[in-house]
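Let me begin by presenting the structure, written as structure tokens, before commenting on it.
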Amino acid sequence: MNELLIKNATVVSPADGINEQLDILVRDGVISKLGKNLSADCTVIDAEGLYAIPGLVDMHVHLRDPGQTHKEDIITGCNAAAAGGVTSLLAMPNTNPTTDSTETVKYILDKAKNAKANVYVAASITKGLKSLEPTDLDELKSAGAIALSDDGRPVENTKFLSDAMKKAPELGMSVVAHCEDLFLADGGKINEGEVSQKLGVNGIPASAEDCGTAREIALAAALDVPVHICHVSTKTSVALIRDVKARGVKVTAETAPHYFSLTEKELLRGDADYRMNPPLRTKADVEEIITGLLDGTLDAVATDHAPHTPEEKADFVKAPNGSIGMETSLAVGITYLVKTGIMSFEQLIEKMSVNPAKILGINAGTLSVGAPADIAIVDIDEVWTVDTEKLHGKSKNTPFKGKTLCGKVKKTILGGNIVFSDAS
């Protein structure tokens with residue numbers, strides 16, 4: 001029998017209505033007991049002054065494996081996840097080869113057996129993400145995929161998207177939609193507006209995202225099926241989602257930490273680590289993203305963790321889009337939302353653990369007895385500076401480098417095993 005005892009933690013588990021100082025006894029990988037003054041002859045973690053939360057569920061991660069392992073691989077990506085308190089993640093399909101076959105799905109799941117996080121797979125809706133031929137959804141489900149997406153790109157063929165959205169509920173899968181009109185985006189690099197004009201760089205209008213969002217939610221309404229909207233960054237997309245939710249359309253949505261904390265003005269640095277897609281937007285967009293998180297329009301916070309090498313990110317205009325995020329996501333949420341009084345810590349954990357688990361239909365986001373012992377232990381008051389040399393993934397392209405954040409993951413427990421301990 002394998003046991004672990006966490007003593008004197010402030011246990012915050014919104015799914016279970018728990019917010020109090022308790023001990024947690026873990027036995028054989030699951031939570032066996034919660035209570036006060038528990039004892040056991042086993043490894044003991046003294047969590048006095050710390051918070052124990054359900055491990056984070058990051059429903060938007062690019063592990064770059066197979067095919068781009070110079071940027072990241074499944075093992076190193078999950079090391080980064082563990083350091084950020086992430087115990088479950090959804091791996092996006094823009095790998096090489098694309099996650100459009102049973103072989104690739106099985107490769108990812110097999111390699112992830114030795115990783116420090118639970119890896120779930122989003123398979124692609126179209127072969128090669130090219131929107132020319134649909135994938136075999138039944139086969140992908142049988143291989144172990146739990147979600148469908150062409151993320152990295154939108155599904156340009158609306159018929160293929162519609163068919164996938166109709167089929168997904170039958171298979172118990174989630175459709176995770178990258179919303180973008182590529183013709184409007186027109187190869188732009190940053191948000192179209194004041195900063196793009198100042199830098200002389202082609203911009204991506206907010207309407208490129210908004211038109212994509214409108215298409216996806218129109219399909220969800222017409223078909224009466226669920227859809228999940230990825231990485232919402234604009235005020236208009238928030239308004240569109242809010243409106244259809246009020247009418248009972250089955251839409252859920254996520255944003256990313258950089259969209260509620262940073263604006264396009266960061267790009268005046270000329271540093272490609274601040275370039276991602278969707279791009280950083282205006283202060284007005286940031287304010288509406290925060291409002292959307294507060295009023296429930298935006299259900300989840302996911303990182304869109306997208307590793308690239310320093311060499312790839314060297315040229316501001318030519319660099320690929322994307323930034324890493326799993327090691328900083330909780331701290332960014334605590335710093336910009338909790339410590340500012342915008343939302344409670346419990347609300348943040350709902351967005352980063354409880355709701356993503358519900359949307360994906362996975363057994364996570366709870367610290368109830370019998371649940372998997374996937375736990376993060378956090379000091380919500382510790383102040384630290386993001387040092388790229390101390391990050392645990394292969395790539396260092398974080399837009400929070402050098403920034404001072406509040407909230408530090410001290411230990412991460414996966415299936416009852418300690419997979420990360422903070423050395424600072």
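In the stretch 169-324 the Cα-Cα distances spread across 5 Å bins starting at 0 as 2, 10, 19, 21, 20, 13, 8, 4, 2, 0 percent of all pairs.
Each Cα pair under 8 Å and six or more residues apart adds its separation to the average, and for the chain the resulting relative contact order is 20 percent. Note on the stretch 270-291 and the stretch 380-396: Cα centroid distance 21 Å, given to the nearest whole angstrom. Taking GluC sites (Glu not before Pro) that fall in a DSSP loop and have at most 11 other Cβ atoms within 10 Å as cut points, what is the longest piece of the chain between them? Formally, the longest exposed-site-free interval is 49-310. Model label sites at ASN37 and SER162, defined 7 Å from Cα along the beta-carbon direction, differ in position by 6.6 nm.
Of the trypsin sites (Lys or Arg not before Pro) found in the stretch 65-128, none is in coil by DSSP with at most 14 other Cβ atoms within 10 Å of its Cβ.
Do me a favour and compute the ellipsoid semi-axes for the stretch 239-383 from its Cα gyration tensor, root of five times each eigenvalue, largest one first, whole Å.
Working: eigenvalues 146, 79, 50 Å².
Calculated on Cα positions only, the semi-axes equal 27, 20, 16 Å.
Of the trypsin sites (Lys or Arg not before Pro) found in the stretch 299-342, those in coil by DSSP whose Cβ has at most 12 other Cβ atoms within 10 Å are LYS318. Here r is the Cβ-Cβ distance between GLN21 and SER424 and R0 is 35 Å; the resulting FRET efficiency, rounded to 0.05, is 0.90. For the chain, the longest principal axis of the alpha carbon atoms and the long axis of helix 283-295 meet at an angle near 50°. Counting neighbouring Cβ atoms within 10 Å and putting the fewest first, the residues THR404, THR102 line up as THR404, THR102.
Measuring between alpha carbons in the structure, the pairs from LYS265/LYS394; LYS318/LYS401; LYS127/LYS358; LYS36/LYS401 lying more than 32 angstrom apart are LYS36/LYS401.
Using DSSP to call loops (not H, G, I, E or B), can you name the chymotrypsin sites (Phe, Trp or Tyr not before Pro) in the stretch 179-278 whose Cβ has at most 11 other Cβ atoms within 10 angstrom? Walk me through the numbers before you get to the answer.
Numbers: sites: PHE183, TYR259, PHE260, TYR274; in loops: none.
For chymotrypsin sites (Phe, Trp or Tyr not before Pro) across the stretch 179-278 that sit outside H, G, I, E and B with at most 11 neighbouring Cβ atoms in 10 Å, the list is empty.
The simple spin-label model puts a point 7 Å past each Cα toward its Cβ; for VAL383 and LYS283 those points are separated by 2.4 nm. Once the chain from THR404 to ASN202 is taken as fully extended at 0.36 nm per residue, the excess over their C-alpha distance is 69.6 nm. Basic side chains Lys and Arg get +1 at the Cβ, acidic Asp and Glu get -1 at the Cβ, and with that the dipole of the stretch 6-134 about its Cα centre reaches some 240 debye.
Just so you know, all these numbers are worked out from the coordinates, no wet-lab data involved. Every value quoted in this text rests on a predicted model; they were computed, and no experiment measured them. So basically every Cβ, Gly included, is an ideal-geometry build from the backbone, and we count neighbours across all protein chains shown.
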